[in-house]
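So that we are looking at the same thing, I have put the structure below in C-alpha cells.
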Amino acid sequence: MTPRRFGSLWLTLPLVWAVLAGGCMPPDRWPALQPDFDRAARRDEGDPVVVPDALQPRLAREPAFELPDEGPIALSVEQALMAALRNNRDLRVRELNPVIAGAFEQIERGAYDAEVFGEFEYNEEEASEVSRSTATQFGVEGRDTAAAMGIRRQLPTGTRLEGSVSQERSISNRSPEQQVARLGLSVTQSLLRGFGPAVNLVSIRQAELDTVASIHELRGFTEALVADTETAYWNLALAAKEIAIFERSLAVARQQLDEVAQRIEVGILPEVDAPAARAEVARREQALIDARSQLTERRLRLLRLINPEPDELLDRSVAAVTEPSIVPIAVSDLEDRIRLAEKLRPDLNEARLRLEQNRLETIVTRNGLLPMLDLFVVLGKTGFADTFSDSFREMSGDTYDFAAGVSLRQYLGNRAAKARHEAARASRRQSAEAVENLRQLIRLDVRLAANEVERTRQQISASRVTREFEEQTVRAERERYAVGASTALLVAQAQRDLLVSQIAEVRAVVNYRIALVSLHLAEGSLLERRGVRMAGGETP
C-alpha cells in the first residue's frame, strides 16, 4: 500500500472511533439529533386547509343578523340555526373528515402514478492476485462508475412497465477502458393473483366510498346539530314563557295574601287562614327560582351550540323572538315518511356504503387465494466502446440482450389467504345484517316519532280546554270566597291548578314543535325542510 493511502487510512480511524463511541449513547440523547418540533410544525401553519364550499352546510336564505353591542341578544329560530352552522366548533371539526378521506383517495390513486428514478454508483478497488501460469503475485487496481435513469409505472391491469437508459465505465490496470451503454425495457404481467382492473382498482373504489361515507357522516352530524339547536331554542322560549306565568301567578298569590290580611284585620277571617296564603306565596317564589335557573341553563346550552365570539357573550341574556305557536296537522302519510327515511337517512346510506366496501374486499381476498404467477420480458439494446459518446453510437449495432420467463410462488396450504377470505366473507355478512337491522330501527324511529307528534298535537287542544275550565273554576272559587262560602286554601288550590294548566298548555305547543323536529330528523329530511344546503354524497 502506498504511503499516501496508508496515511488516509489512519485519518479515518478517529471518525470510526467516534461513530462506535456514539453507539453506546441512546440516539435520542445525541445533541446533533435533537429536533426542533415546534419549528417544524410551524412550517404548515401559514398554509391552512381549505374545506370545499359544498361541505360547509349553510342556509339557502340566510337572515341578516348582527350581535348588538349591549343588552339582550334577540334571536329568531332561523338566526340561531345560521349561527350554529357558521360557528359551531364540533361542526368545524367534522367538516375536515371528508377532506382527510379525500386525501386518502388520492393516496390510493397515486399508486398508479409514473415514477422517475435515477441511480449513480462509484466503485474503487485495489487488490492482489496470483497468476495461474507464473504463480507470481501482482497488483490490480480498478475504478467502475455506473449511472442509470428511467421511468416505471404500475398499471391497473397488473402490468409493471419500466424503461431505462444506463451507462457503465470500467477502468483497470489489467484491461483497456470499456464503456457500455444500454437502453432497456421490461414488462411484468401478473397472470393469476393481481390480474385485471377488477382486483387492482378495489382500493381506489373503497377509498372513494370512504369519502362518500364521510360526507354522509357529516350530513348526519349536521342534521343532529340543527335538531339540537332548534330544540334548545324552543326549550329556551318555553322557559321564558314559564317564567312569565310564574311571575303572574306570584303576583296573584301576593294579592290574595293582601286580601286575606285585610279580612283578618277587620275580623272577617280567622288568623288560621293566613299561613295557607303565605305558604302559597312561598311556593310560587320557589317555583320562580327554579324557572329562572332553568332559563339560565337553557340559555347557556343554546349559546354553546351557536358558539358566539367572543366568550364574554355567554354572560349576555338571549331573547327567543320566534313564537312557538303553530297550526297542528295530523300525520297521515306514515308509509311515505318511512320510505323517505330509507332513502335519506345518512346512517343507513353510510351503512350501505360500508357493505359495498366489504363486498369489494371479498374480491381481493378471493383473488388472493390464487398463486402468484408472473410473466416477464426484458429487452435491452447495448453498445460497447472505449468512450462515452461512442458507447451510445454503437447501440445501432447488432448487440442486444433478451430474457423472458415465468415466476411462480404459492404457500403450501395457503392458510393465511384462506383465513383472510373467510374473514372478509364474514364481515360482508355482518355488514348486510347490520344494514337490515338499521333499516328496521329506522322504521321504528319514524313510527315512534310520528306517534309523539300525534300525541302532542292532541295535547294542544286538550290542554287549552283544561286551562279554560281551570279559569272558570278559579273565578267560581273567588266568587264563593267573596261571599264567605269558600276558604283561602281552596282559592289557592284552584289558582295552583290553573297555573299547572297554563304551563301544560305552553308546553304542549313547544313539545309539538320539538316532536316535529324529531320526526323530520328520523325521516332524514330535516336539512331540506330547513333549507340547509350541503353535499349529500351519493345514495347507493
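The values are calculated or read from the model by the stated rules, or taken from the named source; none is laboratory data. These figures come from a predicted structure and were not determined experimentally. Here Cβ is always computed from backbone atoms with ideal geometry, including for glycine, and neighbour counts include all displayed protein chains. The area values use the complete protein model at the heavy-atom level, side chains included, leaving out ligands, DNA and RNA. Shrake-Rupley method; radii C 1.70, N 1.55, O 1.52, S 1.80 Å.
Among the residues of region 523-532 satisfying the criterion of being hydrophobic (A, V, I, L, M, F, W, C) and open to solvent by less than 10 Å² (accessible area, probe 1.4 Å), which is nearest to R61 (Cα to Cα)?
L527
Report yes if some residue within region 355-364 is open to solvent by 80 Å² or more (accessible area, probe 1.4 Å) and at pLDDT 95 or above; otherwise report no.
yes
Would you mind stating whether V510 is surrounded by 14 or more Cβ atoms within 10 Å (Cβ to Cβ) and at pLDDT 85 or above?
Yes.
Would you confirm, using the coordinates I've provided, whether R439 is surrounded by 14 or more Cβ atoms within 10 Å (Cβ to Cβ), at pLDDT 95 or above and either out of contact with any Pro (no Cβ under 6 Å at 6 or more places or on another chain) or not polar (S, T, N, Q) (or both)?
Judged against the criteria, R439 is a match.
Going by the conditions given, is N97 within 32 Å of the chain's Cα centre (by Cα), more than 30 Å from L209 (Cβ to Cβ) and not acidic (D, E)?
For N97, the condition - within 32 Å of the chain's Cα centre (by Cα), more than 30 Å from L209 (Cβ to Cβ) and not acidic (D, E) - is not met.
Restricting to region 399-419, give me the number of residues that are outside any strand (DSSP E or B) and within 26 Å of L375 (Cα to Cα).
Of the residues in that region, 10 qualify.
Something else: For region 332-341, check the following and say yes or no: at least one residue is outside any helix (DSSP H, G or I), over 29 Å from H421 (Cβ atoms), touching a residue at least 12 places away in the same chain (Cβ under 8 Å) and among the polar types (S, T, N, Q).
no
Here is a list of conditions, (1) modelled with pLDDT under 90; (2) touching a helix residue (DSSP H, G or I) at 6+ places or on another chain (Cβ under 7 Å); (3) not polar (S, T, N, Q), and E479 meets all of them except one; can you say which number that is?
(2)
Report, by residue number, each residue of region 174-209 that is in a strand (DSSP E or B) and touching a helix residue (DSSP H, G or I) at 6+ places or on another chain (Cβ under 7 Å).
If the condition is that a residue be in a strand (DSSP E or B) and touching a helix residue (DSSP H, G or I) at 6+ places or on another chain (Cβ under 7 Å), then Q179, V180, A181, L183 are the ones that fit.
Let me ask you something else. From the set of residues in region 132-146 that are of a type in the set (D, E, K, R) and either part of a strand (DSSP E or B) or in contact with a strand residue (DSSP E or B) (Cβ under 6 Å, 6 or more places away or on another chain) (or both), which is most open to solvent (accessible area, probe 1.4 Å)?
Result: R143.
Cβ-Cβ below 6 Å, separation at least six or inter-chain, first residue in region 120-131 and in a strand (DSSP E or B), second modelled with pLDDT under 80 and surrounded by fewer than 10 Cβ atoms within 10 Å (Cβ to Cβ): which pairs?
S128/Q137; V130/Q137
Of (1) open to solvent by less than 60 Å² (accessible area, probe 1.4 Å); (2) in a strand (DSSP E or B), M149 satisfies all except one. Which?
Here M149 meets the rest and fails (1).
When you go through V199, V165, V187, V180 one by one, which is the residue that is under 30 Å from D374 (Cα atoms), in contact with a Phe, Trp or Tyr (Cβ under 6 Å, 6 or more places away or on another chain) and either surrounded by 13 or more Cβ atoms within 10 Å (Cβ to Cβ) or modelled with pLDDT under 80 (or both)?
V180 is the lone residue from the list that is under 30 Å from D374 (Cα atoms), in contact with a Phe, Trp or Tyr (Cβ under 6 Å, 6 or more places away or on another chain) and either surrounded by 13 or more Cβ atoms within 10 Å (Cβ to Cβ) or modelled with pLDDT under 80 (or both).
Every residue in region 448-479 that is over 40 Å from the mean Cα position of the chain (by Cα), acidic (D, E) and open to solvent by 60 Å² or more (accessible area, probe 1.4 Å), please.
E468, E479
Tell me yes or no: at least one residue of region 368-376 is under 30 Å from A181 (Cβ atoms), open to solvent by 40 Å² or more (accessible area, probe 1.4 Å) and in contact (Cβ under 8 Å) with a residue 60 or more places away in the chain.
yes
What number goes with the only condition from (1) in contact with a helix residue (DSSP H, G or I) (Cβ under 7 Å, 6 or more places away or on another chain); (2) among the small types (G, A, S); (3) more than 20 Å from G220 (Cα to Cα) that A341 does not pass?
Every listed condition holds for A341 apart from (3).
Determine whether R393 is modelled with pLDDT under 95, among the charged types (D, E, K, R) and in a helix (DSSP H, G or I).
Here the answer is yes, as R393 does meet what is asked.
May I pose another question? Scan region 198-256 residue by residue and report those that are in contact with a Lys or Arg (Cβ under 7 Å, 6 or more places away or on another chain) and of a type in the set (S, T, Y).
Of everything in region 198-256, just one residue is in contact with a Lys or Arg (Cβ under 7 Å, 6 or more places away or on another chain) and of a type in the set (S, T, Y), namely S249.
Can we say D398 is loosely packed, with under 13 Cβ neighbours inside 10 Å and either more than 30 Å from V510 (Cα to Cα) or touching a strand residue (DSSP E or B) at 6+ places or on another chain (Cβ under 9 Å) (or both)?
yes
Does region 263-270 include one or more residues that are of a type in the set (K, R), more than 30 Å from V321 (Cβ to Cβ) and open to solvent by 10 Å² or more (accessible area, probe 1.4 Å)?
Yes, that holds for at least one residue.
Being assigned to a helix (DSSP H, G or I) and among the polar types (S, T, N, Q) is the filter; apply it to region 261-314 and report the residue that is modelled with the lowest pLDDT.
Q262
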